[in-house]
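Input: a single structure, listed below in structure tokens.
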Amino acid sequence: MHTLVHPEVIEASISGLFKTALMILGALILLRFLGRVMIAKRNLDEERANLAREKEFVRERNEKLKNFGKVSVSKSTPKGDVQDVDYEEIK
């Protein structure tokens with residue numbers, strides 16, 4: 001009587017199944033590692049951007065505190081947030 005499945009085929013398929021399972025597991029571990037690296041890179045970039053914004057804020061605040069209460073007249077375009085107001089001449 002002939003059997004449809006030979007023992008060698010079963011052995012080969014078990015080893016193939018084991019190899020395939022290991023490859024899938026390795027791929028999942030690699031993807032997880034790459035995901036964590038990308039998250040860490042994004043966090044570092046975000047932290048650098050936050051530090052740059054904070055330094056710019058401190059620089060601008062110090063400049064405004066240094067010039068607080070002083071009046072300057074210039075023909076060039078003023079820096080910062082300046083309002084142009086109307087005035088009346090006194091005779």
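Every number in this text was worked out from the coordinates using simple rules, so none of it is lab data. Computed from a predicted structure; not experimentally measured. Quick reminder, even Gly has a Cβ in these numbers, built from the backbone with ideal geometry, and neighbours come from all protein chains shown.
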- Each label sits 7 Å from Cα toward the beta-carbon; between LEU22 and ARG61 the label points are separated, in nm, by 5.9
- So what's the net charge close to ARG61: Lys and Arg +1, Asp and Glu -1, counting the other residues with Cβ under 12 Å from its Cβ? 0
